[in-house]
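Undergrad: Below you'll find the structure I mean.
The values are calculated or read from the model by the stated rules, or taken from the named source; none is laboratory data. Just so it is clear, the model here is predicted, and its values are computed rather than measured. Don't worry about glycine lacking a Cβ; one is built from the backbone with ideal geometry, like all the others, and counts go over all protein chains shown.
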Amino acid sequence: MRTANTHPGFSLKIVALALLAAFGSAVHAADDEIAALIRPDSSVSVGAAGLTGTNSERSWFGQYSGLRRDDTYLLLDIDVIKRDAATGTWTTFQGRDLGLDTREIRFGQQKQGDWKYSFDYNEMVRHDPRTINTGVTGTGSNALSVTRLATPGSGDDLNLDLKRKIFTVGVEKWLSNSLQFEASFRNEDKNGARLFGNGFQCTSGAAPSPTCPASGTQWALLMLPEPINSTTQQFEARLNFSTEKLFLSGGYYGSFYNNQFTSMGATVNGNLGNPVGDPMSPALTPQLRSILQLPMALPPDNQAHQIYLSGNYAFTPTTKANFKYAFTHATQTDSFGAFTGAPAGRSNLGGEVDSALYQAGITSRPIPKLSLLANVRYEDRNDKTPIEYYNLEGTKAFTNGNYSPKRLVGKAEASYQLPAGFRGTVGADYESVDRGMFVPTNSVGGISGLRQKTEEAGYRLELRRAMTETLSGAVAYQNSDRSGGTWLKPNTGLGVTPTSDGAIYNRTAIFPMTMVDRNREKVKASADWSATERLTLQFMAEWGEDKFSAPTTKGLRASYMGFYGIDAVYALSDDWRLTGFWSRGDQTTHIDHSTGYMAALRNRTETFGLGINGKPSGRLTVGGDLLLSADKDKYQQDLDASASAASKTLLATSGGLPDVTFRQFTARMFGKYAIEKNSAVRVDFIHQRTKLNEWTWGYNGTPFVYSDNTTVYLNPKQSVSYLGATYIVALP
Amino acid sequence: MKFLRQLFASCVLLGALAGATGAVAADAAPAATKAPAKDLVLKGDAKCTSCHDESDEPKLLHIGKTKHGTVADGRAPSCTNCHGESDLHTNNPAKLKERPPTDRSFAKSSKTPVAARNESCISCHRKDSKRSHWEGSAHERADVACTSCHQLHTAKDKVADKRTQPEVCFTCHKEQRVQVSKPSHHPVLEGKVACSDCHNAHGSIGPKLVKRDSVVDTCYTCHMEKRGPFVHSHEPVNEDCGNCHNPHGTVAESMLKSRPPFLCHQCHTPHGGQLAQLRGQLPLQPTATSSGKSGINYTQARGCLNCHTQIHGSNNPSATNPTPQFNLR
C-alpha cells in the first residue's frame, strides 16, 4: 500500500477544517463528499455496439461473446447496490450484457452476519465457429433425414448453437453465532445441437452376414447433428458448525441429469457417395442402410446423492487438522425406450455406483522455523451395475464390465526456514490405483493389455528465498515413478490372463497410457524482481519430461514440455501504467505405432501482450492492450522398417501431415470521460484478426466430404472490428 | 477530488479574509488538538483517518463501500483489527523520517510473515465452509497471502468478479493465460466462466484445488451427461477427463490434448496399416473401392470419432449384431 506522503495538503480532514474556518454550512458539503466515498455505487450503462465483417468473419470472435449473429447490439448494464446503514442490509440488482444472448441478471439481499438470499439468471451460448453445408434436415430433433447433395457445397448452410440458461437460487442463515445454514439450487437448461455423426463399414466382424453382405466393401460416414435438450439440476444444503477450535460442515448434495432424448436416428434417403464422391455403384446396400439407420444412444438420465461431513480442528494454534468423509449413491436407470434387442428382462441398465471418500490432513509448525504437512485420501468406488450379455460379436457373446477402482493418495511435506532468508521444502507423494478384478465374462477390445494395479511414488524439493526486499525467487524439482502389477493379456474369447512382459506380446502391442510405467521429472524456477520503485519484473521457467515404458516399444513413449515467460509492470507516473508479457510454450509428444510410424507431435506457442492504462486528466481514463498469440503444431512422422511400402511412398511423396498454425491478434482500447460528477461516456474499440491454417475439414482446397457430400467450413482468415459506446449514469 | 481541492483553496482565502485566526497548516495535526478526531467509516478509524484518506492508494475510505465497511454488522473490523494497533507507526516516537510500518502490513514488500497476514483474515473467515481446507492447500503452502489475490479497500475486488478474476489468477498461472487464448477453450476471457467455477483457491480435497472432490465430479457439474454409468463405458472417461482434455484450452477441437488418431493411439491399436493421411494429399488418392478404415477417415473431420462416436460411453443396449461395444452408436 502506498500512503499519502505525496498529498499531505489535500486530506479530507484539512478540507473539513478549511470549510469550518470559512463557513460552517459548507461542512455539509464535505460530509456529502465523504458519504459518497463510502457509499456503495449504483449505475446504469446504456449504449450500442456495431461490428464489421460477415457472420463467418467473426466466428472466432463471436464463439462465446454473444456477438456473432447480428451487426448491431444494444449494450445495457445495470448495477444497483444499496445498503441500509442502520441495519447493514444490502440489496443488489445487477444486469450485465442485457442486450446480448449472454445476459446475466442477479438479485439478492442480505443482512450481514444474519441472512442472505439471491437469485441468478445466466445465459451462455456457444456458436460453433464452423459452418456446415449439408442436405441433412431435422437438426434439433432426434429424427434426422439424410439426402445426398449432388455436389459438395450445394446444400444449406447450418450453424450449430448450444445455449445454456442457468437459474440459481441461494440462501444462507446464521442460526446462532456458531451455526449457519446454507442451501442452493441450480437449474440449467441446455438446448441446441452439436456436431456428431456415425459411420460403418461392411463387411465387418461385428456384423457378419446377413447383417452385412458376405462380400463387397461398402462404407459410409454421416454428419448427424446431436440434438441437445437436457436439464441439469443441483441441490446442496449444509449446516456449518464452528467453535474456537472446531469447524464442521455436514450436508447433502444432489445432482440430476435429465435428457429429453434417449436416442436419435436418421433416415437415409436414396444413394450415398463412394470414397471419391461419386454415387455408390452398386448402390447403397439395404444392409448398410439399415445399420446407418439404427438408433444411436444419447446420454441417459442419471442422478447422484451425496452426504458429506468435512471440517477442521485446531489442536493448537500451530497444529491443525482437516478431514472429509463423503458417500455418494449414483444411479442410472433411464429406460432403454425405443431400443430393441436388450438382454431379456432388462428395460434399463440398472446402473448403481456407490462411492466412499475419506480424507484427513494435518499441518503443524512445531517450532517457528519448521512446517509439516501430511495428507491422505482414499476413494472406494463400488460399481453395482448388473452384469448382462449386452454384446455380440459374430457368435461371441459377452457382458458389460464394471469400474470399481480403489484409489489411495498420500503426501508428506516438511518446510524449514534456513539461514539467509532461504526456505527449503521436501515432499513425498504416493498414489495407488486398484481397478479391481476384470469381469471374466467381459471381453477386451482395442487394447493389448490391462493392469489391475498401478503405483506411483515421488518426491519434491523446493528452495525458496526472499533474497532482498525487492527480489525473491524459487526453484523446485519433482521426480516420480509409476509402475504396476502384472499385465493382463486379453484372451481370444472372454476375460484376461495374467502374463509376463516381453515375448508373449506381439511387438506391435499398445498399452494404455494411464497404466504403463512412467518416470516423470519436472523443474520449475521463478523470480520476482522489483527492479526500481516503478519497474517490476517476473521471470519463470518450467521444464518437464515424462518417459513411458511398456512391454513393447509402441504407444506413448515420451513427452517433453518447456514454458518460459517474463512479465513486466512499469509505472510511468502516478497516473499511467504500462504492462507487458512474453511467453513461450513448447511441448512434444512421441507416439510410436504398429503401422511403423513414429510420431513426434510438437506444439509451440508464443504469446505477447502489451497494455497501458492512464488518466490523462481528471475526467478522462483511457486504456488499451494488445495480445498476439501464435501457435504451431508439427506432426512429424518417421517410419521404421516394419512400415508398409504404401506408407513409405505416401510419406516420401506427401511429406506427411502439414503444420497446423493459429495466429490471433487482438487490440482493445477504451476511453471513459466523466461528463459530470454522476455521468460519463465510455467508448470501446476492439479489433481482432485470426488466421487458422489447418486440415481438419479440408486440405489444400480439397474438403473432407461426408458420404452425403456434407462439408464443414471455417473461414481461415477472420478480421472483425467492434465499436461500442455507452452512456453511464450513477444512480442516487 | 478536484472540487474539494478548489473548495479548499477558496475556503483558505475566505477564511483569511474573514480574519480567521491562524493559518491552516498543511499538516492536520494542529487542528486535531482542538477537536477529537471523528471516525469517518469504521468504528475507531479516526486513529488512522486523521492522516490517511481517499487520496491514498488504495483509496482507504472506499472500504466503506464494502462488506468490511458495513458498521451495522457488529463483526465488521476496524483498521486496527487487520493492521494491528501499530502505535510505533502512529506515534513515531523515534521521529523517524519514514514512519515505521504498521504492525501488520499487506503490501507485496511487507515484512509481515504471510501466515501472520493471513491470520488477520482467517481469524474471522474461518467459519466459511469454502475455506475449511485452506491449511495444507497448495496456495497456503506456497505462501500466497489473501491480499495477493484480494483487494479490500475497493468496492470492486477484481478476483470477486468473474470478468476480471482471470487477470488475478494469471499473475502466477502464466501457462493457463496462454492456454485460454487457444482456439478451443472455455469462455474464460469472454467472462462467462471463471477460474473459480472449477477451482477453489481456498483449498479442496481434490487435485489441483478443483472445486468438488475430484476432476470428474467437477466437470460433471456442467457436463453431467458424461457421468453414466453406461452400458458401454470408456474407463479413462470415468477416471479423469484430463486424460484426454486440457480444460484450459488447446488447438485441437473439443479441448483435446492432441488430435485423433494420435490421441487414441496412446492406448489403442489401429485399424490396418495406414498412415495418417489427408483427402487430396498425393500420391495415394482414394478410389471408389477404398476401405472406410482409411488414414483419411481416422485423421480428418472427427478422426477416430467419425465412427467411434460415443467416446464418452453408450447406453445402447442392443445385443444383436452389430452391437455397439466399440462405442459405435
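Undergrad: I'd like to know if region A:124-143 contains one or more residues that are surrounded by fewer than 20 Cβ atoms within 10 Å (Cβ to Cβ) and acidic (Asp, Glu).
TA: Checking region A:124-143: not a single residue is surrounded by fewer than 20 Cβ atoms within 10 Å (Cβ to Cβ) and acidic (Asp, Glu).
Undergrad: Still on this structure: Of all residues being under 29 Å from A:Phe539 (Cα atoms) and of a type in the set (A, V, I, L, M) in region A:552-599, which is farthest from the chain's Cα centre (by Cα)? Just the residue, please.
TA: Here the answer is A:Leu572.
Undergrad: Which of the residues spanning region A:641-679 are more than 9 Å from chain B (Cβ to nearest Cβ), more than 26 Å from A:Glu606 (Cα to Cα) and under 37 Å from the mean Cα position of the chain (by Cα)?
TA: Once the filter is applied, which keeps residues that are more than 9 Å from chain B (Cβ to nearest Cβ), more than 26 Å from A:Glu606 (Cα to Cα) and under 37 Å from the mean Cα position of the chain (by Cα), region A:641-679 yields A:Gly671, A:Lys672.
Undergrad: Of everything in region A:228-277 that's of a type in the set (Val, Ile, Thr) and within 22 Å of B:Arg329 (Cα to Cα), which residue is surrounded by the fewest Cβ atoms within 10 Å (Cβ to Cβ)?
TA: A:Thr267
Undergrad: Would region B:282-291 turn up any residue that is buried (at least 22 other Cβ atoms within 10 Å of the Cβ) and not in a strand (DSSP E or B)?
TA: Checked against the condition, which is being buried (at least 22 other Cβ atoms within 10 Å of the Cβ) and not in a strand (DSSP E or B), region B:282-291 yields no hits at all.
Undergrad: I'm trying to understand the selection: among the residues of region A:317-345, which are more than 8 Å from chain B (Cβ to nearest Cβ) and modelled with pLDDT of 95 or more?
TA: Selection gives A:Thr319, A:Ala321, A:Phe323, A:Tyr325, A:Phe327, A:Thr328, A:His329, A:Thr331, A:Thr333, A:Ser335.
Undergrad: Can you tell me which residue among A:Thr595, A:Thr605 is of a type outside the set (Asp, Glu), in contact with a Gly (Cβ under 6 Å, 6 or more places away or on another chain) and part of a loop (DSSP other than H, G, I, E, B)?
TA: Only one candidate passes the filter, namely A:Thr595.
Undergrad: Which of the residues spanning region B:152-171 are assigned to a helix (DSSP H, G or I) and under 23 Å from A:Phe539 (Cβ atoms)?
TA: B:Pro166, B:Glu167, B:Val168, B:Cys169, B:Phe170, listed by residue number.
Undergrad: Being over 29 Å from A:Asp631 (Cα atoms) and either in contact with a Gly (Cβ under 7 Å, 6 or more places away or on another chain) or more than 7 Å from chain A (Cβ to nearest Cβ) (or both): is that true of B:Ser254 here?
TA: For B:Ser254, the condition - over 29 Å from A:Asp631 (Cα atoms) and either in contact with a Gly (Cβ under 7 Å, 6 or more places away or on another chain) or more than 7 Å from chain A (Cβ to nearest Cβ) (or both) - is not met.
Residues checked against (1) exposed (fewer than 15 other Cβ atoms within 10 Å of the Cβ); (2) at pLDDT 95 or above; (3) acidic (Asp, Glu):
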site	(1), (2), (3)
A:Leu610	no, yes, no
A:Gly614	no, yes, no
A:Thr621	no, yes, no
A:Ser629	no, yes, no
A:Asp638	yes, no, yes
A:Thr653	yes, no, no
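Undergrad: Something else about it: Do the conditions hold for B:Thr218, that is, is it more than 8 Å from every other protein chain (Cβ to nearest Cβ), crowded, with 20+ Cβ neighbours inside 10 Å, of a type in the set (S, T, N, Q) and touching a Cys at 6+ places or on another chain (Cβ under 6 Å)?
TA: For B:Thr218, the condition - more than 8 Å from every other protein chain (Cβ to nearest Cβ), crowded, with 20+ Cβ neighbours inside 10 Å, of a type in the set (S, T, N, Q) and touching a Cys at 6+ places or on another chain (Cβ under 6 Å) - is met.
Undergrad: Are there any pairs with C-beta distances below 7 angstrom linking a residue in region B:251-278 that is touching a residue at least 60 places away in the same chain (Cβ under 8 Å) to a residue that is of a type in the set (Ser, Thr, Tyr) and surrounded by 23 or more Cβ atoms within 10 Å (Cβ to Cβ), with the two at least 6 apart or on different chains, and if so which?
TA: B:Ala252/B:Ser258
Undergrad: Could you tell me which numbered condition A:Trp576 fails, if it satisfies all but one of (1) touching a Ser or Thr at 6+ places or on another chain (Cβ under 7 Å); (2) more than 19 Å from A:Asp638 (Cβ to Cβ)?
TA: (1)
Undergrad: Still on this model: What number of residues in region B:42-61 are crowded, with 22+ Cβ neighbours inside 10 Å and not in a loop (DSSP other than H, G, I, E, B)?
TA: 4
Undergrad: Please name all residue pairs, on different chains or six or more residues apart, with Cβ atoms under 6 Å, provided the first residue is in region A:102-114 and is under 15 Å from A:Ile81 (Cβ atoms) and free of Cβ contacts under 8 Å to residues at least 60 places away in the same chain and the second residue is outside any strand (DSSP E or B) and among the aliphatic types (A, V, I, L, M).
TA: none
Undergrad: Spot the failing condition for B:Cys304; the list is (1) part of a helix (DSSP H, G or I); (2) free of Cβ contacts under 8 Å to residues at least 40 places away in the same chain, and only one is missed.
TA: Of the numbered conditions (1) part of a helix (DSSP H, G or I); (2) free of Cβ contacts under 8 Å to residues at least 40 places away in the same chain, the odd one out for B:Cys304 is (2).
Undergrad: Return the total of residues in region A:545-578 being of a type in the set (A, V, I, L, M), under 14 Å from A:Pro512 (Cβ atoms) and part of a loop (DSSP other than H, G, I, E, B).
TA: Adding up the residues that qualify gives 1.
Undergrad: Of the residues B:Ser181, B:Ser148, only one is over 26 Å from A:Glu172 (Cβ atoms) and surrounded by fewer than 20 Cβ atoms within 10 Å (Cβ to Cβ); which?
TA: None of the others qualify; the one that does is B:Ser148.
Undergrad: Restricting the search to region A:419-465, which residues are in a strand (DSSP E or B) and at pLDDT below 95?
TA: Correct list: A:Phe422, A:Arg423, A:Leu450, A:Arg451, A:Arg464, A:Arg465.
Undergrad: Moving on to the next point. Conditions: (1) surrounded by 15 or more Cβ atoms within 10 Å (Cβ to Cβ); (2) not in a helix (DSSP H, G or I). A:Ser647 meets all but one. Number of the miss?
TA: (2)
Undergrad: Go through (1) outside any strand (DSSP E or B); (2) more than 9 Å from every other protein chain (Cβ to nearest Cβ); (3) more than 23 Å from A:Gly337 (Cα to Cα) and name the single condition A:Cys212 misses.
TA: The single condition A:Cys212 does not satisfy is (2).
Undergrad: Kindly list the number of the only condition in (1) modelled with pLDDT under 95; (2) closer than 19 Å to A:Phe511 by Cα; (3) within 8 Å of chain A (Cβ to nearest Cβ) that fails for B:Pro261.
TA: (3)
Undergrad: Any chance region A:252-264 includes a residue that's touching a Gly at 6+ places or on another chain (Cβ under 7 Å) and within 24 Å of A:Glu188 (Cα to Cα)?
TA: Checked region A:252-264: at least one residue is touching a Gly at 6+ places or on another chain (Cβ under 7 Å) and within 24 Å of A:Glu188 (Cα to Cα).
Undergrad: Could I ask something else about it? Mind telling me which of the residues B:Gly303, B:Gly313, B:Gly280 ends up being over 45 Å from the mean Cα position of the chain (by Cα) and either facing another protein chain (nearest Cβ under 7 Å) or at pLDDT 85 or above (or both)?
TA: Going through B:Gly303, B:Gly313, B:Gly280 in turn, the sole match is B:Gly280.
Undergrad: Can you name the residue in region A:180-209 that is touching a strand residue (DSSP E or B) at 6+ places or on another chain (Cβ under 8 Å) and in a loop (DSSP other than H, G, I, E, B) and is also nearest to the other protein chains (Cβ to nearest Cβ) among such residues?
TA: A:Ala206
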